[in-house]
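Engineer: This is the structure, below, for whatever I ask next.
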Amino acid sequence: MDPARRAEELRAQLREASHRYYVLDAPTLSDAEYDRLFRELEELERAHPELVTRDSPTQRVGAAPSEKFGKVTHSRQMMSLANAMKDEELGEFAERIRRLLGEEKARFVVEPKLDGLAVTLRYENGKFVQGATRGDGLVGEDVTQNLRTIKAIPLQLAGDPPRLFEARGEVFIPKADFVRMNEERERAGEPTFVNPRNSAAGSLRQLDPRETARRPLSIFFYEVGESSEKFASHWRKLARLRELGLRTNPENKLCESLEEVRAAYQALLQKRHDIPYEIDGAVVKVDSEDQRRRLGAVSRTPRWAIAWKFPAEEEATTVENIFVSVGRTGALTPVAALKPVHVGGVTVSRATLHNEDELRRKDVRVGDRVFLRRAGDVIPEIVRVIVESRPPEGLPEFQMPRTCPACGAEVHREPGEAITRCTNLSCPAQLVGRLRHFAAAMDVVGLGEETCIRLVQTGLVKTPADLYTLPRDQWLSLERMGEKSVDNLLAALERSKRTSLRRFISALGIRLVGEATALALARRFGSAEALLDASLDDLQSVRDVGPEVAGQIFEFLQKPENRAALRRLLEAGIAPEPEAQVSAAGPFAGKTVVLTGTMAGYTREEAKAEIERRGGRVAGTVSRKTDLVVAGADAGSKLKKAEELGVRVVDESGFRELLQVPGFAQERAEAGGPEHRG
Ligand code: IVH
């Protein structure tokens, strides 16, 4: 088939699949099928770069990091909502409407009030052209490139879109993703987020779209701004948003009366904990556009809508102490020890204060009464200090320590960074953290915090490699370690030697390298040795690895002590296997390939990356060990040599065919397709 037609067909199929998945919540393609089509389109576009369109699903993360965001003046103001805290205030809202509309009846739409970040997206002739944050309501920031990375946002509207259409909605992070992301960040030594709202806002305001692409952002649309199509009612507008492929909240309800509004609010309140994202109330909106016009607005809040908040699920308690814990990357984290209190079904006795800035911002002091809630329904968060309860003589401000509370070394805070770190690499607290991280990543069952602390205190273990060489009697000499637990632990250590490369890389504890990055590195380099040899360029060319992360990895790998520690682990018998699926299948798995000549669809670097991602190795010279030579146009002596030695040779189209042989594509699908599932 004509490549141009095929590309268009694939794009249409992929777009339709995303629409069914995100908007209709009724997927028709499996992840693997979606992924196969996606890969086919990628290959096709690579072979025919002229066929790439801006709205192709392959082009979500395309833009280079920017210095700062441009400003966008909203064509129509982005208003904010007045709040109703109790039933009476809803009554007053309804009463005001009744006064202004006279006898005329009003219908309402009740929607969940999402706790995220308002954005507006401009579509021209169905194409997504610009997206902005709300800002002050009049002028926001241009976050187009970041919004493009959100998979629930269509780059091209479905059906028969209006010439101009501005969709408004809320970007947010689902609760479960928030918790997972924070755990992952903690493991990677990155600062944790305070709550889903903050993390959504922070993610959308990343200067590097690749970073945004890694965050589990989602969106619901709930209003239309400027539009060449007009609507008689909000309910119609919501239906139209869906038709165009813009996700709306399935919990939205059309209500004929105030009683129905109240019932809808109660129903949402009942299920708020079962809803997979945070909501903090209901938004009640007049349905008729004509009525909305007549009701108008008072300064920046419309009279036709109100945010009816849920009662806060916050409990008051006392901060009994603030202590500072030291993590494996040396990060100093202030933690509040609380008088135990029951919130949202569990007893909470401590809450992280994240870092110095956060502590200052909230101005939490020992002895303060505070309100506590559970962010994302899980993570205890101090919402605010009850300043009125502070004794008249005040309380002393908390000071972050100037030296490490674990080892007494200097602490350091990089300008522009939120985290203060202990500068002593052999700090016992860091070492305990590194051991625990290593044990968790390598699945060494039974090596818990207590044991790690004792191993460090006794000086028996200085790096994770020591775990593998420590003799049995030394293990037995540890307090509270009996024969049985030592044997179990030794068996677990033995088992852990057979591990996957991604686990091994993640166990190294490189800053900013979480599980996803470890997997990308494992796929790209295929062995620990190849990773050790990686240049900064190599690291930067890894898909989904941004410049900052690449820099961290490079810095880590350049340090002699890290290289030595890594080698010692390998010498201790750890044998990380390349990602099973990569090596198990496909024509490049375990093969040595030589590239020569030039290809139209691939640079040398791209071809190399494709081969390495499939478990192959690219060599510079042809020898008897060469499995395959890819000869582009104007190939010279290497081609001749290959022919002399009888090495298999393919041209560009043969190469492209080999890239499409399954094995690799299936494995990618299992790990979550590139576009379909977040
Ligand atoms: S409608 C004038 N609908 O609440 C109407 N807003 O204080 C403006 N929000 O900035 C928006 N859920 O960030 C609307 N279902 C919903 C909403 C919602 C959350 C946020 C939005 C807005 C703020 C208004």
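The values are calculated or read from the model by the stated rules, or taken from the named source; none is laboratory data. As the structure is a prediction and not an experimental result, all values here were calculated from the model. Neighbour counts run over all protein chains shown; Cβ positions are idealised from the backbone, glycine included. The accessibility values were calculated without ligands, DNA or RNA, using every heavy atom of the protein model including side chains. Shrake-Rupley method; radii C 1.70, N 1.55, O 1.52, S 1.80 Å.
Engineer: May I ask for the Kirkwood hydrodynamic radius of segment 384-535, worked out over all distinct Cα pairs and given in angstroms to one decimal? Intermediate results must be reported in sequence, preceding the final value.
Structural biologist: Details: mean 1/r = 0.0544 Å⁻¹.
Taking the inverse mean of 1/r over all distinct Cα pairs, segment 384-535 comes out at 18.4 Å.
Engineer: If the rule is a partner Cβ under 4.7 Å, which cysteines in the chain fail it?
Structural biologist: Here 255, 452 come out as lacking a disulfide-compatible partner, given the Cβ-Cβ threshold of under 4.7 Å.
Engineer: For segment 36-82, run through the GluC sites (Glu not before Pro) and keep only the ones in DSSP coil with at most 14 other Cβ atoms within 10 Å of their Cβ.
Structural biologist: Working: sites: 40, 42, 43, 45, 50, 67; in loops: 67.
Answer by residue number: 67.
Engineer: Using only Cα atoms, what Kirkwood radius does segment 383-467 have, in angstroms?
Structural biologist: Numbers: mean 1/r = 0.0636 Å⁻¹.
Hydrodynamic radius (Kirkwood, Cα only) of segment 383-467 equals 15.7 Å.
Engineer: Add +1 for every Lys or Arg and -1 for every Asp or Glu among the other residues with Cβ under 10 Å from the Cβ of residue 206, and state the total.
Structural biologist: +2
Engineer: Once you keep just the Cα pairs under 8 angstrom separated by 6 or more residues, what percentage relative contact order results for segment 139-212? It would help to have the intermediate numbers written out before the result.
Structural biologist: Numbers: 38 pairs, mean separation 29.9, N = 74.
Relative contact order, segment 139-212: 40 percent.
Engineer: When N counts the residues of segment 54-93, how does its alpha-carbon radius of gyration compare numerically with 2.2 N^0.38 Å, as a ratio?
Structural biologist: Details: Rg = 20.2 Å, N = 40, 2.2 N^0.38 = 8.9 Å.
After normalising by residue count via 2.2 N^0.38 Å, the value is 2.27.
Engineer: Then there's this: Which lysines, if any, have their Cα less than 18 Å from the Cα of residue 559, not counting same-chain residues under 8 positions apart?
Structural biologist: 462
Engineer: Let me ask something additional. For segment 50-203, how big is the tail of P(r) above 21 Å, as a whole percent of Cα pairs? Before the final figure, lay out the partial values.
Structural biologist: Details: 7207 of 11781 pairs.
Considering segment 50-203, 61 percent of its Cα-Cα pairs are separated by more than 21 Å.
Engineer: Oh, and also: What are the trypsin sites (Lys or Arg not before Pro) within segment 185-227 that DSSP puts in a loop, where the Cβ has at most 15 other Cβ atoms within 10 Å? All intermediate terms of the calculation are to be shown ahead of the outcome.
Structural biologist: Values: sites: 185, 187, 197, 205, 210, 214; in loops: 205, 214.
Listed in order of number, the matching sites are 205.
Engineer: In addition: So what is the relative contact order of the chain, in percent, for Cα pairs below 8 Å that sit 6 or more residues apart?
Structural biologist: 12
Engineer: Next question. Once both labels are modelled 7 Å past Cα along the beta-carbon direction, what's the residue 449-residue 571 spacing in nm?
Structural biologist: Between residue 449 and residue 571, the label points sit 3.4 nm apart.
Engineer: Any idea what % of Cα-Cα pairs in the chain are farther than 39 Å?
Structural biologist: On the way: 102189 of 229503 pairs.
The share of Cα pairs beyond 39 Å in the chain comes to 45 percent.
Engineer: Shifting gears a bit: Report the calculated FRET efficiency for residue 301 and residue 555 (r = Cβ-Cβ distance, R0 = 60 Å), to the nearest 0.05.
Structural biologist: Efficiency computed from Cβ-Cβ geometry: 0.75.
Engineer: When the gyration tensor of segment 459-525 is built from Cα positions, what are the square roots of 5 times its three eigenvalues, in whole Å, from largest to smallest? Walk me through the numbers on the way to the answer.
Structural biologist: Details: eigenvalues 175, 33, 16 Å².
Semi-axes, largest first: 30, 13, 9 Å.
Engineer: For a bin width of 5 Å, list the pair-distance distribution of segment 154-283 built from all Cα-Cα distances, rounded to whole %.
Structural biologist: 2, 9, 16, 17, 16, 15, 13, 7, 4, 1, 0
Engineer: Find, among the chymotrypsin sites (Phe, Trp or Tyr not before Pro) in segment 525-589, those assigned to loop by DSSP (not H, G, I, E, B) with at most 11 other beta-carbon atoms within 10 angstrom.
Structural biologist: Details: sites: 525, 554, 556, 588; in loops: 588.
For chymotrypsin sites (Phe, Trp or Tyr not before Pro) across segment 525-589 that sit outside H, G, I, E and B with at most 11 neighbouring Cβ atoms in 10 Å, the list is empty.
Engineer: What is the magnitude of the charge dipole of segment 41-95 about its Cα centre, with +1 placed on the Cβ of each Lys and Arg, -1 on the Cβ of each Asp and Glu, and no other charges, expressed in debye to the nearest 20? If you can, show how the numbers build up before the last one.
Structural biologist: Numbers: 7 positive and 11 negative charges, 89 e Å.
The calculated dipole for segment 41-95 is roughly 420 debye.
Engineer: Can you give the Rg to Rh ratio of segment 1-75, both from alpha-carbon atoms, with Rh computed by the Kirkwood formula?
Structural biologist: Details: Rg = 15.3 Å, Rh = 14.2 Å.
Using only Cα positions, Rg/Rh for segment 1-75 is 1.08.
Engineer: Tell me the Kirkwood hydrodynamic radius of segment 253-300 in angstroms, computed as one over the mean inverse distance between distinct C-alpha pairs.
Structural biologist: 12.7
Engineer: Within straight cross-link reach of residue 625, meaning Cα distance under 18 Å, which aspartates and glutamates are found once same-chain residues fewer than 8 apart are removed?
Structural biologist: 612, 643, 644
Engineer: Oh, and also: What is the Cα centroid distance between segment 445-479 and segment 280-301, reported in whole angstrom?
Structural biologist: Value for the Cα centre distance between the two parts: 65 Å.
Engineer: What is the log10 of I(q)/I(0) for segment 509-637, computed with the Debye formula using one identical point scatterer on each Cα and no solvent, at q = 0.16, 0.17, 0.21 Å⁻¹?
Structural biologist: After summing over all Cα pairs, the log10 values are -0.87, -0.97, -1.29.
Engineer: While we're here: Note down the magnitude of the dipole of the chain about its Cα centre, charges +1 on Lys and Arg C-beta and -1 on Asp and Glu C-beta and zero elsewhere, to the nearest 20 debye.
Structural biologist: Numbers: 103 positive and 104 negative charges, 43 e Å.
About 200 debye.
Engineer: If you don't mind, another one. Starting from the 7 Å offset along Cα-to-Cβ, what nm value, one decimal, do you get for the label separation of residue 390 and residue 604?
Structural biologist: About 6.4 nm separates the two model spin labels.
Engineer: Turning to a different aspect of this structure: In debye to the nearest 20, how big a dipole does segment 369-472 give about its Cα centre with +1 on each Lys and Arg Cβ and -1 on each Asp and Glu Cβ? Numbers along the way, then the final one.
Structural biologist: Values: 13 positive and 12 negative charges, 29 e Å.
Roughly 140 debye for segment 369-472.
Engineer: Moving on. Can you sort 85, 599 by 1.4 Å-probe accessible area, starting with the largest?
Structural biologist: On the way: 85 120, 599 35 Å².
In descending accessible area the options line up as 85, 599.
Engineer: Further question: If packing is taken as the average count of other Cβ atoms within 10 Å, what order do 442-454, 21-33 fall into, highest mean first? Could the numbers behind the result be given before it?
Structural biologist: Values: 442-454: 16.8, 21-33: 15.2.
Packing proxy ranking, top to bottom: 442-454, 21-33.
Engineer: If each of residue 207 and residue 644 carries a label point 7 Å out from its Cα toward its Cβ, how far apart are those two points in nm?
Structural biologist: The two pseudo-label positions are separated by 5.3 nm.
Engineer: I'd like to compare 390-401, 215-226, 126-137: which one has the highest average count of other Cβ atoms within 10 Å, and what's the full order after that?
Structural biologist: So the order, starting with the most tightly packed, is 215-226, 126-137, 390-401.
Engineer: Quick check on the chain: helices-only [θ] at 222 nm, where DSSP H runs of length 4 and up contribute -39,500 (n - 2.57) each and the sum goes over total residues. Nearest 500, please. Let's see the in-between values first.
Structural biologist: Working: 27 runs with 256 residues, N = 678.
Mean residue ellipticity at 222 nm (helix-derived): -11000 deg cm²/dmol.
Engineer: Ranked highest first by the average count of other Cβ atoms within 10 Å around their residues, in what order do 316-326, 107-117 fall? Provide the component values of the computation, followed by the final result.
Structural biologist: Working: 316-326: 17.3, 107-117: 23.3.
For the peptides 316-326, 107-117, the packing ranking is 107-117, 316-326.
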